[in-house]
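Report on the structure given below.
The values are calculated or read from the model by the stated rules, or taken from the named source; none is laboratory data. What you see is a predicted model, and the numbers here were worked out from it, not measured in a lab. Cβ: placed from backbone, ideal geometry, glycine included. Neighbour counts: every protein chain shown.
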Amino acid sequence: MSFDRLVPDMILPAVEAVSGLRLTNLLLALPSYINRVYELRTVDGTKLIAKFYRPGRWSKEAILDEHGFVADCHEAEIPVVPAMTLRNGSVIGEHDGFLLSIFPKRAGRQLEIVNDADWSRLGSLIARVHLCGGNRPAPHRVTIDPGQSLLTDVNYLRDHIVPERFREQYTGSCMRLIETSAPLFLGLERIRIHGDCHRGNILDRLEEGLLLIDFDDMAMGPPVQDLWLLLPDRAAKSSREVNLFLQGYERFRAFDRASLRCIEPLRAMRMVYFLAWCSRQTGDAQFRKNFPDWGSDQFWQREINDLREQMEFMPENQS
């Protein structure tokens, strides 16, 4: 089943059916590569966000892990947006084979980091999230680790996606990444983390402060994953920002500074993850518009070159 079946005439009735709310005809599609997300409005003027989950990406249990984490954060008074309880008593509804959740809309502008205090308050926010993350596991979620999540992505790409003429080059680089990264991750704690903690997923609500959104990529992983995506440059060129972030973080929670050596490996792992994720969407009508050269020889040579270039920033290659 693909999103091509999710036509506009289905969306409003689906949301009304699972929520019991009456809606106006407003239907605004919001940017989202992974899922389908829409802004809606009830007849009394309440603004809502409806999120239809990509079929086959997460199990229902994995989605419940996401909502459980957000609920824990909300209970701890961390600024997040929990989903609404639907008519079935759950935060997940189902309509015509699609799983969906509904959220109250919370407006805000994308975070701009303009001074040292911003880095410190970011660190404090993420530390509080990680305090909740460490309270219980997410058993149905991915564990971010070279020998687990990365190996799974590499095997999938090798077996199903990479053309035979490029398979040895691409897979060889990936296996070298696993071999060199795995020792760096030994002994690191794995807790529930946001997983996709970049500036686009943090809203600044001015007088109300920061708001952390979109836990769709939450995972079990090392806390450093929720730091590196915020940095303005590579780890070696961002030591000042890292120190400011950790000043705020360590007001609430200890941070394993040895894990900073995993930043560049995590960047390489994300490149492979992104490719594996994209490859599962090639059946979408919109996909070719977003990735017009997908699968061409030029495409694969670029992926190989980019991964090899990133490998040069691995700790073993640093003086």
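Things worth noting here:
- Each residue in region 191-237 was checked for being of a type in the set (A, V, I, L, M, F, W, C), under 19 Å from A62 (Cβ atoms) and out of contact with any Gly (no Cβ under 7 Å at 6 or more places or on another chain), and 4 of them qualify.
- Taking region 1-55 as the region of interest, none of the strands (runs of 3 or more DSSP E) fully inside it holds 2 or more residues being assigned by TED's automatic domain parsing to the domain that holds Q286 and either surrounded by fewer than 18 Cβ atoms within 10 Å (Cβ to Cβ) or without any contact (Cβ under 8 Å) to a residue 12 or more places away in the chain (or both).
- Test: residue in region 149-171 that is surrounded by 16 or more Cβ atoms within 10 Å (Cβ to Cβ) and part of a strand (DSSP E or B): no
- Top-ranked residue in region 1-43 [being touching a Lys or Arg at 6+ places or on another chain (Cβ under 7 Å) and among the polar types (S, T, N, Q); ranked as nearest to P55 (Cα to Cα)]: N35
- Here R234 does not fit the description of being modelled with pLDDT of 95 or more, surrounded by fewer than 18 Cβ atoms within 10 Å (Cβ to Cβ) and within 21 Å of the chain's Cα centre (by Cα).
- Tally, over region 104-141, of residues that are buried (at least 19 other Cβ atoms within 10 Å of the Cβ), assigned to a helix (DSSP H, G or I) and hydrophobic (A, V, I, L, M, F, W, C): 7
- Filter result for R234 (in contact with a Pro (Cβ under 8 Å, 6 or more places away or on another chain), within 21 Å of T180 (Cβ to Cβ) and in contact (Cβ under 8 Å) with a residue 60 or more places away in the chain): no
- Any hit, region 184-198, residues being surrounded by 13 or more Cβ atoms within 10 Å (Cβ to Cβ), farther than 30 Å from A83 by Cβ and in contact with an Asp or Glu (Cβ under 6 Å, 6 or more places away or on another chain): yes
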